[in-house]
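Presented below is the structure to which this report refers.
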Amino acid sequence: MKTKRLLGGLLAAGLLASGPSGCATEKQEQAELQAQAKISREAAQQTALAKVPGGTVKDGELEKEKGKLIWSFDITTPSSKDIAEVAVDAITGAVVAVDIETPEQQAKEAAEDAAKSKKKGEDKD
């Protein structure tokens, strides 16, 4: 009886410990990327905003894309429903890409991101 309780308690503890670990892993990955970046988010954001006059940063993140560490910013402007996605090299500070996304492309990307998140959740189960 004690063995069953002990095993049950260990199992429950293991499940609880594994639940938020995905979040901890993401935070750890972000910390590692931050440690590699030579350009601050603020400096990269100013560089990105210079490419989109009158723009406002909607979202920004540090990520590895095509083997390159970049700051990626989604920038909106009051005169358009499109979003300018500006990528700034996190090592050199140079703008490496400026892409314009239409509302249709934004919706497609959001659906793809949601599907990836759902799949990650299922893989953890």
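Quick notes on this one:
- Filtered residues of region 48-62 (kept if in contact with a helix residue (DSSP H, G or I) (Cβ under 7 Å, 6 or more places away or on another chain) and touching a residue at least 24 places away in the same chain (Cβ under 8 Å)): Gly55, Leu62
- Residue match in region 110-125 (condition: touching a helix residue (DSSP H, G or I) at 6+ places or on another chain (Cβ under 8 Å), surrounded by 14 or more Cβ atoms within 10 Å (Cβ to Cβ) and within 27 Å of Gln34 (Cβ to Cβ)): no
- Members of region 22-45 found to be farther than 20 Å from Lys68 by Cβ and surrounded by 13 or more Cβ atoms within 10 Å (Cβ to Cβ), listed by number: Gly22
- Any hit, region 85-98, residues being surrounded by 14 or more Cβ atoms within 10 Å (Cβ to Cβ), in contact (Cβ under 8 Å) with a residue 24 or more places away in the chain, in the same structural domain as Ala43 (by TED's automatic domain parsing) and in contact with a Leu (Cβ under 6 Å, 6 or more places away or on another chain): yes
- The condition of being of a type outside the set (S, T, N, Q), more than 15 Å from the chain's Cα centre (by Cα) and farther than 30 Å from Gly121 by Cβ holds for only one of Asp82, Asp99, that being Asp82.
The values are calculated or read from the model by the stated rules, or taken from the named source; none is laboratory data. Bear in mind that the values here come from a model prediction, so they are computed numbers and not experimental data. When we count neighbours, we look across all protein chains shown, and the Cβ atoms used for this are built from the backbone with ideal geometry, even at glycine.
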